[in-house]
Each structure stands twice: as structure tokens, then as C-alpha cells.
1. If I filter the stretch 121-139 down to residues being touching a residue at least 40 places away in the same chain (Cβ under 8 Å) and over 16 Å from Pro50 (Cα atoms), which single residue comes out as surrounded by the fewest Cβ atoms within 10 Å (Cβ to Cβ)?
2. Hey, among the residues in the stretch 84-110 that are within 28 Å of Cys139 (Cα to Cα) and of a type in the set (Val, Ile, Thr), which one's modelled with the lowest pLDDT?
3. Identify all residues within the stretch 61-81 that are open to solvent by 70 Å² or more (accessible area, probe 1.4 Å) and without any contact (Cβ under 8 Å) to a residue 24 or more places away in the chain; write none if there are none.
4. Here is a list of conditions, (1) closer than 19 Å to Gly36 by Cβ; (2) open to solvent by less than 50 Å² (accessible area, probe 1.4 Å); (3) without any contact (Cβ under 8 Å) to a residue 60 or more places away in the chain, and His142 meets all of them except one; can you say which number that is?
5. I need the full set of residues from the stretch 13-59 which are surrounded by 11 or more Cβ atoms within 10 Å (Cβ to Cβ), modelled with pLDDT under 80 and assigned to a helix (DSSP H, G or I), in order please.
6. What number of residues in the stretch 82-95 are in a helix (DSSP H, G or I) and either touching a residue at least 24 places away in the same chain (Cβ under 8 Å) or open to solvent by 80 Å² or more (accessible area, probe 1.4 Å) (or both)?
7. In the stretch 45-60, which residues are free of Cβ contacts under 8 Å to residues at least 60 places away in the same chain and among the hydrophobic types (A, V, I, L, M, F, W, C)?
8. Please go through the stretch 119-146 and give me each residue that is of a type outside the set (A, V, I, L, M, F, W, C) and under 13 Å from Ile27 (Cβ atoms), ordered by number.
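The values are calculated or read from the model by the stated rules, or taken from the named source; none is laboratory data. It should be emphasised that the depicted structure is a prediction, and the values quoted were computed from it without experimental measurement. We place every Cβ from the backbone using ideal geometry, glycine too, and count neighbours over all the protein chains shown. Ligands, DNA and RNA are stripped out before the accessible areas are found, and what is left, the full protein with its side chains, is counted by its heavy atoms. Shrake-Rupley method; radii C 1.70, N 1.55, O 1.52, S 1.80 Å.
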Amino acid sequence: MSVKVLSQRERRNLREQPIYSNWKTKICECFDDDCGMFLFGCICANTSIPQMYERIVSKGCCLLFTLFLWSTFSLALTVPIYVIYQPNVFGVIWGLLSLILLITFGVFLVFRVRNKLRTKSNISGNTLDDLCTSIWCCCCSHMQHMREDGLTIENYSPRCSITCPTSYNST
């Protein structure tokens, strides 16, 4: 059995490589600790996903994103009305487009949060993993982000800021 001696360059390269960790909790541990957070994260996802986006990725977009998600959700709820009670092709198309926008934009926000959390915390994985997890397990992924950030129903405080352009700020 031979032992390979590393050169100085190889040792320096090993030291410079980031040390990767794993997520603190698994993707499907939604009910393990806090059922209240699960209910808030899944039932009020149109509110909690933009709040998590503001917390992790970018400040100042929460209110706009929340209004967009709730309005597309409301419009998507009109599909049964236009199918059953008042048949209207344009109403059905409008409602289905709203549903597609709701799902696509929600998945996009969860993906951005997941990607930012993973890179910030040096968690192993890649962008494709983040995208697939956000598409196929959107609510579970969102709940994992909340657990990763250390949020519980007791310490959760909504963060939704409205930022004004710098020319309108009063000093």
C-alpha cells in the first residue's frame, strides 16, 4: 500500500475548496415540529412565499408579489363559474392562464429562495436540483426553507416592506 504525498499546490487547492453541508431538515419533514407553520406555509403560500423571498433574496418586492399571487389565485378560482354556471370560453381561458401564471410565478419565487439559501449556506447541490425540487415539491421545499431559516410559529414575524425610490425619501 502506497501513500501519495500531496504537493504544496494540491494542498492549497484542497484548502480553498468550499466545505459543503446538507439541509438541516429533510424535504418531507413538514409535520415533524410545527403543524402551525405547515398550515401557514401551505394554506397561505401566496403570502408566505413572497415574505420568504423578501427575507432571503431581495427586499422591496413582497407587497407586489403578494398582490400578484393573490390576484392570479382569485382569477383562477373563476374557472368553475365559467365552465358550469355561465359557459364562456374567454372566461375559462382567462382563468386557466391565471392558474398557469400563479403556479409558474410561485415556483419561480421558491426556486430563487432555494438557490440563494443553498449557495449562501454552502449546501451541496446544483441549480438543476433546486429547479426540480421547486417544481415537483413546491410546498415541501418552501417549508424546508422556513425551517432552514429557523422560523417557527412562535418567532415568525411578517416582513413585507414597501421601498420608495430614493428621490421620494424624506430626510
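1. Within the stretch 121-139, the match that is surrounded by the fewest Cβ atoms within 10 Å (Cβ to Cβ) is Asn122.
2. Val92
3. Once the filter is applied, which keeps residues that are open to solvent by 70 Å² or more (accessible area, probe 1.4 Å) and without any contact (Cβ under 8 Å) to a residue 24 or more places away in the chain, the stretch 61-81 yields Leu64, Leu67, Leu77, Ile81.
4. The number of the failed condition is (3).
5. Scanning the stretch 13-59 gives Asn13, Cys35, Gly36, Met37, Phe38, Leu39, Phe40, Gly41, Cys42.
6. 7
7. Val57
8. Hits for the stretch 119-146 are Gly125, Asp129, Asp130, Thr133, Ser134, Ser141, His142, Gln144, His145.
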